[in-house]
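Engineer: Got a structure for you, written out below as structure tokens; questions coming shortly.
The values are calculated or read from the model by the stated rules, or taken from the named source; none is laboratory data. Here the structure is a predicted model, which is why all the values come from computation and not from measurement. Every residue, glycine among them, receives a Cβ derived from its backbone with ideal geometry; neighbour counts consider all protein chains shown. In case anyone asks, the SASA skips ligands and DNA or RNA and just uses the protein heavy atoms, side chains included. Shrake-Rupley method; radii C 1.70, N 1.55, O 1.52, S 1.80 Å.
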Amino acid sequence: MTKQVPMTRRGVLCTGAAFASLSPLSPMRAAVAQQSDEPLRLRAAPSKAGLRPAPYGLTDVWSYNGAVPGSEIRVRQGDRIRVLAENRLEEETTIHWHGIRTPNAMDGVAFLTQDPIPVNGDFQYEFDALDAGTFWYHPHQRSFEQLGRGLYGPLIVEEAEPIRVDRDVTWMLDDWRMTNDGQLSNDFGNQGDAMHGGRIGNTVTINGQIPDRMAVQAGERIRLRLINAANARIFGLDFGDLDPVVIAMDGQPVAPHAPDDGIIVIGPAMRVDVVIDFTGKPGDLLSVNDVYYKDLEFRLVDFVYGSEALRQSVPDWSMVLAPNPLADPDIKKATRHQIVFNGGMMGQMMMGDGMGSMMGQMRQGNIWFINGKAANGPIMDPLLTLPLGTSHILEMENRTAWPHPIHLHGHTFRVIARNGQATQYLEWQDTVMMAPREKVDIAFVADNPGDWMFHCHIMEHQAAGMMGVIRVELDATKT
Ligand code: C2O
Ligand code: CU
């Protein structure tokens, strides 16, 4: 039933290709670190990208500053970020700073927090980096196509005192649906993808390239920042004999722990920071496999150990990150709200007697529902109106046959329970995966005033109705 295109085996695509190694991201750090008032420029425009290794040709994409991913923004916690967004696409756009707690007007949601940036127009974003961690940016206007064509980039906020590692590496993962001639398949936003698991592609890249190998040294400790920029693909990374330790989720510190079953699961838009000690021997080769989709496992990349060891034993440096300044929800006093997700293929709405009305809804492109409503464009009555400064628990229930990464803007929440069981780490997240039929409770303080998007980050689900608005009201006595 799932409409998944099997992964192109790397062997197929890369036969005879030169051994490429993962290239680092191009940083804009220098510009930012100067703390000048001069903004960074992010120019959204059509360009070409070498997603496939030589001798294959380039792919037409849309990108920021001519590169996929767009320039890495790297600042220190507390810095002010100023970005001049230049729209040189042939359609309107915006930039959203995923996971960053910006003031509402800087959140970059077209028609909700700002007018979209017109063709050839500019818009200046300006906000403080309150939280250290791994974040990213992408458009929030026709995202199913703009993100899917390559508009995204990493935003790294360094801790005042980072943990000690030998290397800090970012992997921005993406999944493309490519045709045989190496171009992007044009079927963005089609209803088949929307009804099923979204636009799952056939080509996975790390930092905009089909990865081949990454050089490491025996004894080396790497902080690996994983960011899932795919429209719909969920990754489940298996690092084989290595023991990655999860130290942050969605940029927020978490008690260092081994991932469940040793597999690092990352839904669309989510981030996971891991610390990896390379415990192999000089000359070893170790594959990282993506094992998320049953029977569609594939080898993502190989670590290749150099001939010399950096050190002989695992360092005893701390992996504990300092917490970010987040308001802790008062669980006892929190107001509880039921949020039910419905729709999609094989969902309750399709199966029951609601079939007639469902067909009508589908003709309008409404396939997914939150509390019975499908969003037809971003402006709508809020699902919830919350008084500023109060604690809330969203008791979310996934009554569909599909997993959904659910994202709340402007806030970071604690995941407090799954199917009624308290979570072990009370992890802070801005995007939480819900398995089919799963119940997930999240808690947060509504401490950032404004109208905030709340949606599934599978872009095709969002476009087909799976979003709503949560209003945080400055003064609860006004309506
Ligand atoms: Cu990453 Cu509403 O977005
Ligand atoms: Cu979804």
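Engineer: What is the number of the single condition among (1) within 11 Å of ligand 2 (Cβ to nearest atom); (2) hydrophobic (A, V, I, L, M, F, W, C); (3) not in a loop (DSSP other than H, G, I, E, B) that Leu394 does not meet?
Structural biologist: So Leu394 meets the others, but not (1).
Engineer: Follow-up. Listed residues Asp181, Asp187; which is modelled with pLDDT of 95 or more, surrounded by fewer than 16 Cβ atoms within 10 Å (Cβ to Cβ) and part of a loop (DSSP other than H, G, I, E, B)?
Structural biologist: Within the list Asp181, Asp187, the selection yields Asp187.
Engineer: What residue, among those in the range 397-421 that are assigned to a strand (DSSP E or B) and open to solvent by 30 Å² or more (accessible area, probe 1.4 Å), is nearest to ligand 2 (Cβ to nearest atom)?
Structural biologist: Glu397
Engineer: Output the number of the condition that Asp475 fails; it satisfies all remaining conditions of (1) surrounded by 18 or more Cβ atoms within 10 Å (Cβ to Cβ); (2) more than 14 Å from ligand 2 (Cβ to nearest atom); (3) among the charged types (D, E, K, R).
Structural biologist: Among (1) surrounded by 18 or more Cβ atoms within 10 Å (Cβ to Cβ); (2) more than 14 Å from ligand 2 (Cβ to nearest atom); (3) among the charged types (D, E, K, R), the lone unmet condition for Asp475 is (1).
Engineer: Applying the selection to the range 276-321, what residues are in contact with a Pro (Cβ under 8 Å, 6 or more places away or on another chain), open to solvent by 20 Å² or more (accessible area, probe 1.4 Å) and not hydroxyl-bearing (Ser, Thr, Tyr)?
Structural biologist: Asp277, Leu296, Gly306, Glu308, Ala309, Met319, Val320, listed by residue number.
Engineer: Could you identify the single residue in Leu112, Leu155, Leu151, Leu84 that is touching a strand residue (DSSP E or B) at 6+ places or on another chain (Cβ under 8 Å) and under 22 Å from Thr179 (Cβ atoms)?
Structural biologist: From the options Leu112, Leu155, Leu151, Leu84, the qualifying one is Leu151.
Engineer: Let me ask another. Go over the candidates Tyr137, Tyr152 one by one and state the one that is of a type in the set (Phe, Trp, Tyr), open to solvent by less than 10 Å² (accessible area, probe 1.4 Å) and out of contact with any Asp or Glu (no Cβ under 8 Å at 6 or more places or on another chain).
Structural biologist: Tyr137
Engineer: Still on this structure: Name the residue that is farthest from ligand 2 (Cβ to nearest atom), counting only residues in the range 90-120 that are open to solvent by less than 40 Å² (accessible area, probe 1.4 Å) and among the β-branched types (Val, Ile, Thr).
Structural biologist: In this case the residue turns out to be Ile117.
Engineer: Follow-up question, since we're still on this one. Cβ contacts < 9 Å: first residue open to solvent by 10 Å² or more (accessible area, probe 1.4 Å), restricted to the range 446-471; second residue within 8 Å of ligand 2 (Cβ to nearest atom), any location; separation 6+ or different chain. Result?
Structural biologist: Gln462/Trp368; Gln462/Cys456; Met467/Trp368; Met467/Cys456; Met467/His461
Engineer: Among the candidates Ile200, Ile227, single out the residue that is assigned to a loop (DSSP other than H, G, I, E, B) and either surrounded by fewer than 22 Cβ atoms within 10 Å (Cβ to Cβ) or outside the structural domain of Asp430 (by TED's automatic domain parsing) (or both).
Structural biologist: Ile200
Engineer: List every residue pair whose Cβ atoms sit under 7 Å apart, with the two residues 6 or more apart in sequence or on different chains, where the first one lies in the range 103-131 and is without any contact (Cβ under 8 Å) to a residue 60 or more places away in the chain and outside the structural domain of Val83 (by TED's automatic domain parsing) and the second, anywhere, is within 16 Å of ligand 2 (Cβ to nearest atom) and open to solvent by 20 Å² or more (accessible area, probe 1.4 Å).
Structural biologist: none
Engineer: Could you please give the count of residues in the range 233-266 that are surrounded by fewer than 16 Cβ atoms within 10 Å (Cβ to Cβ) and either touching a Phe, Trp or Tyr at 6+ places or on another chain (Cβ under 7 Å) or among the basic types (Lys, Arg) (or both)?
Structural biologist: 2
Engineer: So which residues in the range 41-74 are of a type in the set (Phe, Trp, Tyr) and open to solvent by 30 Å² or more (accessible area, probe 1.4 Å), if there are any at all?
Structural biologist: Listed by number, the residues that qualify are Tyr56, Trp62.
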